[in-house]
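Data block below; observations after.
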């Protein structure tokens, strides 16, 4: 390595980014508004660290030698004892404590750290064998923060560091908590500023999907090699279910036709790649097709429930799922969360294999026009569901939990793409540095404005030309500039330039310099200056 | 390694912690209030990533083979080209691009990433050789977030992940910007809730200290081994200056007596460890002693300036420093930031070697009583100053900049230790789950309360006993519990328990059960329930 040729080039790691003031305003508006909604329902903010032991995040297991992919991980620089299942130090044959630089990982979501936090609080009771599925405590928290994914293939608009805003309830089997999750998601979207009708909370239940697949009677599937000469794998139970659900989940992208092809003989995608099909029986595929098309454009939860009831599926799983959806509907209807806010979507899958009951997804219904002029939608902006494997790695028992997560960056992108950024704050009022000797006077004016609640900045830069100063103010989106030179100071007046108006398109039509100036510029008496800006804010 | 014996024990990495709702409230109060102050002065929020290339943080230099200590760093899992000083890819003798897994590091402060961000925006101009110390642009931003330090020795109450809240102005030589830094620090402390007189912004100027040391005429110092037989090192210029300043900086901890000993023969600390002294001449030590004691308890900035003027030091550095302090005082006095908010402290050093002009430190003047009953102070809660080496690593020129940082965790600790947590929010109003069949009614009540702006939680836990439910509510600091069973529902009333009053000490004196109940419990008509809680909030 020729170290003397190396340079230090200022740049960000691929997939990481700087956040400018506009995007920050959107980010913090989303966080603040949604957090207030979470609090309104009794959730409290608990934070976990950014860095955790990799095994605590489920990314390094005692029976493995390597760490799971997709995370940023490294060895702890500190040497520490290896622990046994009972929390005591592991010792070698000569009774010496086994030491190691443990694997650490940057958190990849906010759920795995929640599992660690909750389990840690129950560790003593676990060691005392005083913990069962029915006596675990209720815990409800929200948390927001950055998470990190080492994605080797990075799609455009995706990042390796992004923000999530989660709320979860651990230790409940009551589907009232799931109904509440729907209310919270709807309330949060509206608190953030999405109009009713511009978003929808989609709800399904994994038990409905599971029960439907069960009713098809497919118990085992032999996957053959492409020419059919060899059986390469056999899918059963959960694995089979997941394989089918994964394909149904793609309906958004590849449409029902593509789904049916993948369930059958397979298909060739737009890039020319061959996707091997599951080769299910035609009769089965046809039943799935009927199911998928049955629930298109059904206007009310009530009608969806009727239709599900009329399918004639009578296995326990399906019936449980339907019962739960009915309970959720009863609560939502009682307090008038109607079909324009929360809808039932029996074809919704939500990728994650760990969901076990009701699942949720919020979609934006707004379209925007992309650079090529095509109408597009942003897709899912929140997701969640009921899961019960949360603390199993630590405590060996299942804990029923439910919750959801707002994708902060996706939502901020939506607000930008659909131009819902009207309420972004202006920059500060800008005081031009005309004359060094007037600095105490500039400070006095700035002080008075700030006391009156008006953000104000004085220029301190090295390049003192008026053009440079105003270009700086424009870049910061300053609404006004105050210009005071020696003459103005003596006369007790200030020239105020309306920078915002100056950028207005209608203003650019005015060709006469004096007319233009009369519109965007005003002479204000020094003693009226604060009042002038207070009036302008109204 | 006996992997089958390993366990997954839920725990945090040493030096990392979970943040509970109370501490989170304090943290976000500090961030919100102080950010509003920063904005009021025209600073805008720019965020940088949590993870950066280690060389971009100054932690890995082209001429070194190892990474600097004190940070969490690891190799990028992604293979990337090595870059030359001109930003182009480095190629080997056979013209192949040299690839490497670059060193990454978790940010250890918010200033190094600022340097990267600012330099990156100027990179094109740098390559065009169109960048000088006098034409760099003005840039002002604030940022808050977690930073990470791998401290091998972790003092109690210190953490490896902690939060900072920085504001900086790059590209200004105007000390008006430093005066502004003082105002911001003072405004921020008061916005957070510190009373005037309970904190003080201390200001000094490195040029004052530098000029004073220059006036002593010590140009070189030979450091001898302890028995004096050997010269182990020779200190000159900056190094000598830093060695003396480092000792003066300890005055808080070891008092002036300790400082004088370390400047002279050395001393033995409380643990019995020997600290080798600088062995300066007695006359020099005596001059330093005079300087240090001259500025104890001087009540006003004006008097400090007089005294500094009367020292008779006439080198350029000292005079510049004094002139700058005078300008700062002029601005602060003009807008009435008096001596009870900002004071001049000519003995203030602020450890960091990179400061070059005015320096700032905010100290809390409040005492608290520690566990052993001793009166204690928290120490510095903010620090900052003027520095100019910021972008030198990247762009090869100096950029004069000034700014400061609020230690969010230290300040939150102060608020807790001095019991300034009165304005912490209560938990939600708590609805006891008495009867599963009444769930829609509980939901209706919760909905009405939330619509009226009252945080409300319904219990969903598995353990349904009233005691368990109320214990849960107590833990969450819920002010009230609503109890509605079948009888109450029929009668159209609700029993409301005042949980906060129930915990009150004066209540515990009441022995009579009925009397006690009459005080903490009330029967409220269903239709008056919302109004009851609205009244209770006042």
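Quick note: the coordinates plus some simple rules give every number you see, no bench work behind them. Predicted model, so just to flag it, every value in this text is computed and none were measured. Glycine gets a Cβ as well: all are built from the backbone with ideal geometry, and neighbour counts include every protein chain shown.
Can you go through B:68, B:155 and tell me which one is in a loop (DSSP other than H, G, I, E, B), more than 10 Å from chain A (Cβ to nearest Cβ), within 27 Å of residue B:405 (Cα to Cα) and under 18 Å from the mean Cα position of the chain (by Cα)? Let's see the steps before the verdict.
Details: B:68 fails: under 18 Å from the mean Cα position of the chain (by Cα).
One residue alone meets the criteria, B:155.
Which members of the range A:158-174 meet the condition of being in a strand (DSSP E or B), surrounded by 22 or more Cβ atoms within 10 Å (Cβ to Cβ) and at the interface with another protein chain (Cβ under 9 Å from one of its Cβ atoms)?
Scanning the range A:158-174 gives a single hit, A:169.
Condition check: buried (at least 22 other Cβ atoms within 10 Å of the Cβ), at positive phi, at the interface with another protein chain (Cβ under 7 Å from one of its Cβ atoms) and part of a loop (DSSP other than H, G, I, E, B). Does residue B:42 satisfy that?
Here the answer is yes, as residue B:42 does meet what is asked.
Any idea which residue in the range A:125-152 is surrounded by the most Cβ atoms within 10 Å (Cβ to Cβ), counting only those that are at the interface with another protein chain (Cβ under 9 Å from one of its Cβ atoms) and assigned to a loop (DSSP other than H, G, I, E, B)?
Per the criteria, the residue is A:136.
Filter the range A:3-28 for residues that are more than 8 Å from chain B (Cβ to nearest Cβ) and either touching a helix residue (DSSP H, G or I) at 6+ places or on another chain (Cβ under 7 Å) or outside any helix (DSSP H, G or I) (or both) and give the result.
A:15, A:23, A:26, A:27, listed by residue number.
Given (1) more than 7 Å from every other protein chain (Cβ to nearest Cβ); (2) out of contact with any helix residue (DSSP H, G or I) (no Cβ under 7 Å at 6 or more places or on another chain); (3) surrounded by 19 or more Cβ atoms within 10 Å (Cβ to Cβ), where does residue B:32 come up short, assuming only one miss?
(3)
In the range B:104-120, is there at least one residue being without any contact (Cβ under 8 Å) to a residue 24 or more places away in the chain, in contact with a helix residue (DSSP H, G or I) (Cβ under 7 Å, 6 or more places away or on another chain) and within 9 Å of chain A (Cβ to nearest Cβ)?
Looking for residues that are without any contact (Cβ under 8 Å) to a residue 24 or more places away in the chain, in contact with a helix residue (DSSP H, G or I) (Cβ under 7 Å, 6 or more places away or on another chain) and within 9 Å of chain A (Cβ to nearest Cβ), one finds none in the range B:104-120, hence no.
Quick one: residue B:189 ticks every box in (1) exposed (fewer than 14 other Cβ atoms within 10 Å of the Cβ); (2) over 23 Å from residue B:400 (Cα atoms); (3) more than 14 Å from chain A (Cβ to nearest Cβ) bar one, so which box is it?
So residue B:189 meets the others, but not (1).
Could you check the range A:519-538 and list, in sequence order, the residues that are without any contact (Cβ under 8 Å) to a residue 24 or more places away in the chain and touching a strand residue (DSSP E or B) at 6+ places or on another chain (Cβ under 6 Å)? Spell out the reasoning first.
Taking the range A:519-538 and keeping what is without any contact (Cβ under 8 Å) to a residue 24 or more places away in the chain, we get A:519-520, A:528, A:531, A:535, A:538.
Result: A:520, single match.
Please pick out the residue among B:20, B:86 that is over 30 Å from residue B:402 (Cα atoms) and surrounded by fewer than 18 Cβ atoms within 10 Å (Cβ to Cβ).
Values: B:86 fails: over 30 Å from residue B:402 (Cα atoms).
Being over 30 Å from residue B:402 (Cα atoms) and surrounded by fewer than 18 Cβ atoms within 10 Å (Cβ to Cβ) holds for just one of B:20, B:86, which is B:20.
Got at least one residue in the range A:356-363 being over 25 Å from residue A:390 (Cα atoms) and either in contact (Cβ under 8 Å) with a residue 40 or more places away in the chain or within 27 Å of the chain's Cα centre (by Cα) (or both)? Spell out the reasoning first.
Of the range A:356-363, the ones over 25 Å from residue A:390 (Cα atoms) are A:363.
Narrowing the set further to residues that are either in contact (Cβ under 8 Å) with a residue 40 or more places away in the chain or within 27 Å of the chain's Cα centre (by Cα) (or both) leaves A:363.
Scanning the range A:356-363, I find at least one residue that is over 25 Å from residue A:390 (Cα atoms) and either in contact (Cβ under 8 Å) with a residue 40 or more places away in the chain or within 27 Å of the chain's Cα centre (by Cα) (or both), so the answer is yes.
Suppose the filter is assigned to a loop (DSSP other than H, G, I, E, B), facing chain B (nearest Cβ under 7 Å), touching a strand residue (DSSP E or B) at 6+ places or on another chain (Cβ under 8 Å) and under 27 Å from residue B:145 (Cα atoms); does residue A:77 pass it?
Numbers: assigned to a loop (DSSP other than H, G, I, E, B): yes; facing chain B (nearest Cβ under 7 Å): yes; touching a strand residue (DSSP E or B) at 6+ places or on another chain (Cβ under 8 Å): no; under 27 Å from residue B:145 (Cα atoms): yes.
No.
What residue, of B:350, B:386, is touching a residue at least 60 places away in the same chain (Cβ under 8 Å), within 14 Å of chain A (Cβ to nearest Cβ) and within 30 Å of residue B:55 (Cβ to Cβ)?
Numbers: B:350 fails: within 14 Å of chain A (Cβ to nearest Cβ).
Answer to the selection: B:386.
Just to confirm my filter: which strands (runs of 3 or more DSSP E) fall fully inside the range A:421-500 and include at least 3 residues that are within 12 Å of chain B (Cβ to nearest Cβ) and either out of contact with any strand residue (DSSP E or B) (no Cβ under 7 Å at 6 or more places or on another chain) or crowded, with 16+ Cβ neighbours inside 10 Å (or both)? I'd like the intermediate steps shown before the answer.
Values: elements: A:429-431, A:456-458, A:480-483, A:493-498.
Counting at least 3 such residues, we get A:429-431, A:456-458.
Return the residue satisfying two criteria in turn: it lies in the range A:306-319 and is out of contact with any helix residue (DSSP H, G or I) (no Cβ under 6 Å at 6 or more places or on another chain) and surrounded by 10 or more Cβ atoms within 10 Å (Cβ to Cβ), and of such residues it is nearest to residue A:216 (Cα to Cα).
Pass one, the range A:306-319, residues out of contact with any helix residue (DSSP H, G or I) (no Cβ under 6 Å at 6 or more places or on another chain): A:306-307, A:309-312, A:314, A:316, A:319.
Those left that are additionally surrounded by 10 or more Cβ atoms within 10 Å (Cβ to Cβ): A:306-307, A:309, A:311, A:316, A:319.
Values: A:306: 20, A:307: 17, A:309: 16, A:311: 12, A:316: 14, A:319: 15 Å.
Residue satisfying both the conditions and the ranking: A:311.
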